[in-house]
1. Which of the residue pairs Lys235/Lys264; Lys76/Lys190; Lys264/Lys303; Lys264/Lys291; Lys190/Lys264 have a Cα-Cα distance greater than 19 Å in the structure shown?
2. Report the extension gain between Thr344 and Asp271 in nm, rounded to one decimal, defined as 0.36 nm multiplied by the number of residues separating them, less their alpha carbon distance.
3. Counting helices only, and only those DSSP H runs with n ≥ 4, report the 222 nm mean residue ellipticity of the chain as the sum of -39,500 (n - 2.57) divided by its residues, in deg cm²/dmol to the nearest 500.
4. May I ask for the net charge around Val133, where only other residues with Cβ less than 12 Å from the Cβ of Val133 are counted and Lys, Arg are +1 while Asp, Glu are -1?
5. Please report the spacing between the Cα centers of the stretch 154-211 and the stretch 271-304 in Å, no decimals.
6. May I ask you to derive the relative contact order of the chain, considering only C-alpha pairs under 8 Å and at least 6 residues apart, and to give it as an integer percent?
7. So how long is each side of the chain along the principal axes, counting just the alpha-carbon atoms, biggest first, in Å?
8. Give me the number: length gained by fully extending Thr90 to Ala391, i.e. 0.36 nm times residue separation minus the C-alpha to C-alpha distance, one decimal in nm.
Amino acid sequence: MKSVAQWVVLLFMGACFTGYSGAQTWTSYTAANSGLAANEVRAIGIDATNARWFGTVNGLCRFDGLTWTTYTVDLKLAHNTVNVIADEVTSHGPEIWVGTNGGVSVMGVEKPDAITVATPYTPENTGLASLTVYSAAVDTGHVKWFGTDKGVSTFSGQEWATHTVEDMLSNNTVLSIAAAEDGWIYLGTKGGGVSRVDGITAASPYDIAWSGIPSDTVYVAYIAMNGDQWFGTDKGVSRHQGHETKKDWTTYSTEDGLADNVVKAISQDRDGVMWFGTINGVSRFDGTSWKTYTVADGLASNKVNAIALDPDGALWFATDGGVSRFGGTISAVDTPDELPTLITITGVYPNPFNPSTTIGFTLPAQGYVTVDIRNLAGQKVRTLVAQSMNAGAHSTVWDGKDESGAVSASGVYIVSIKAGAITASQRMTLVR
């Protein structure tokens with residue numbers, strides 16, 4: 001007879017391989033039942049090795065599905081209170097940027113067992129505006145953006161710059177940052193609405209005086225797959241379509257079905273459905289109908305601080321009571337050998353790669369199979385396979401190009417293999 005903890009691990013591993021199959025369930029991790037450093041979790045990140053990172057008020061935790069590791073100031077973390085995690089793929093390999101109450105830490109994560117932590121970035125040794133870092137993002141030009149209580153700082157890899165209300169910000173406290181594929185940067189502030197920036201040039205602000213946003217306090221900014229901008233405020237969540245400041249705004253509140261008007265987190269699942277983390281639960285919106293999940297359903301706490309999409313399609317929620325994972329599971333069994341219906345990705349080699357990589361996989365039975373390449377936003381980049389295949393071992397090659405034949409940019413991509421109702425996914429890194 002297995003323990004509850006062993007069953008949880010098996011369920012987690014099964015979901016990682018199969019994605020959404022069967023009923024969708026909740027699994028929660030706390031300081032009491034796992035290696036989580038603290039129950040108050042403010043940030044989530046998923047690196048290129050598929051490891052999950054959780055920023056808590058007592059350190060940064062890494063979870064690979066089996067093992068937990070905690071990084072603190074004793075291991076060169078800038079501060080034990082972690083507010084935000086952003087990922088980047090560089091010529092040196094994948095990295096995560098960690099914003100804390102004591103500056104910024106950068107960690108190299110090229111291999112699961114080789115984590116490197118650089119000397120923290122602070123106002124004393126860099127051009128960072130403040131020790132208190134609330135938000136972070138990496139734009140398409142690999143410029144790092146850090147929102148602080150004293151303005152927004154950028155780091156190109158060589159040079160630092162800070163911007164405040166004196167040159168382009170509507171408020172110096174920058175609570176959220178979203179970097180769009182078209183180059184626009186959206187800076188959500190505390191009391192100044194959104195400062196929309198193209199490079200270092202200020203554009204018209206999105207505030208209650210000049211746009212359809214319901215509040216000038218913007219906790220979260222998010223860019224959807226179709227380019228729509230979503231902003232979570234203390235008076236509901238707003239969607240803005242296009243770039244005209246005063247047009248095409250829609251705001252949703254508790255009157256529409258939102259769990260609470262204070263929205264701290266936004267994400268989108270791979271089916272394009274929007275998810276909103278509030279201080280009173282999680283709301284799911286498919287464009288027509290709303291559904292709310294709370295502790296009564298399995299959420300660790302109703303106060304949700306961050307949401308992240310797992311490569312297998314599940315969603316992670318950071319709360320002040322632990323982290324919760326929402327996604328499909330398979331029946332618990334004693335060993336992986338007793339899971340005859342799994343698709344197994346046997347390898348992605350080389351990874352990181354340039355210009356091409358070979359994807360190996362095995363199928364449990366004959367059937368129609370699709371192998372898709374997607375970006376981290378869930379958008380399909382290329383379909384490599386769409387045909388009937390026999391059971392057994394197979395492989396296919398991705399040459400780093402999209403459906404039109406254009407060369408894809410450096411970054412992390414997800415290979416998704418689907419046969420019937422089961423899927424397998426894995427991240428891979430393209431480095432130009």
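The values are calculated or read from the model by the stated rules, or taken from the named source; none is laboratory data. Because the structure is a prediction, the values reported are computed rather than measured. Note that we place each Cβ from the backbone using ideal geometry, even for glycine, and neighbour counts take in every protein chain shown. We work out accessible area using only protein heavy atoms, side chains counted, and drop any ligands, DNA or RNA first. Shrake-Rupley method; radii C 1.70, N 1.55, O 1.52, S 1.80 Å.
1. Numbers: Lys235/Lys264 11 Å; Lys76/Lys190 30 Å; Lys264/Lys303 9 Å; Lys264/Lys291 17 Å; Lys190/Lys264 13 Å.
Violating the 19 Å limit, Cα to Cα: Lys76/Lys190.
2. Here the segment from Thr344 to Asp271 would lengthen by 24.0 nm.
3. -1000 deg cm²/dmol
4. Values: positive: Arg42, Lys144, Lys150; negative: Asp149.
Net charge in that neighbourhood comes out at +2.
5. Their Cα centres are 28 Å away from one another.
6. Once divided by the residue count of the chain, the mean separation gives 14 percent.
7. 64, 48, 47
8. 104.6 nm
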